[in-house]
Amino acid sequence: MTDQTLPPCPQCGSIYTYEDGALLICPECAHEFSVQAPSEAAERVWRDANGSVLADGDTVTVIKDLKIKGSSSVVKVGTKVKNIRLVEGDHDIDCRIDGIGQMGLKTEFVKKV
Ligand SMILES: [Zn+2]
């Protein structure tokens, strides 16, 4: 016996779906659909503070003063950052800021221009 919970029918919302090979079938409306890939396999989407989707090469502005670890420099609110690169990690934007150099930013502290 498995504990696997099958997703409900996307058409009528029935929870009585069952598996038939690679497909799921809804007994109530006869809708057939395929199982969604697990979310971890889905491509990650980076969003800025407003929820806009970010992409490599975008220009963003910093929405709050950010202290830089191990230095006295501060990235001021409103600083424009060009040509960002999205990466995995705690600081999920890799970028180069004039006068400061290469650094990591968090998507939650930037806004797409
Ligand atoms: Zn259905």
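All of the numbers you see were taken from the coordinates with simple rules; none came from a lab. A quick note: this is a predicted structure, and the numbers were derived from the prediction, not measured. Cβ coordinates were reconstructed from backbone atoms using ideal geometry, including for glycine residues, and neighbour counts include every protein chain displayed.
Kindly indicate whether any position in region 42-51 is surrounded by 15 or more Cβ atoms within 10 Å (Cβ to Cβ), over 30 Å from Gln11 (Cβ atoms) and of a type in the set (Gly, Ala, Ser). Yes, some residue in region 42-51 is surrounded by 15 or more Cβ atoms within 10 Å (Cβ to Cβ), over 30 Å from Gln11 (Cβ atoms) and of a type in the set (Gly, Ala, Ser).
Considering region 74-90 alone, what residues qualify as being surrounded by 15 or more Cβ atoms within 10 Å (Cβ to Cβ) and not in a strand (DSSP E or B)? Explain how you work it out, then say what you get.
Looking only at region 74-90, we keep the residues that are surrounded by 15 or more Cβ atoms within 10 Å (Cβ to Cβ), and these are 75, 79, 81, 84, 86.
Answer for region 74-90, where residues must be surrounded by 15 or more Cβ atoms within 10 Å (Cβ to Cβ) and not in a strand (DSSP E or B): Thr79, Ile84.
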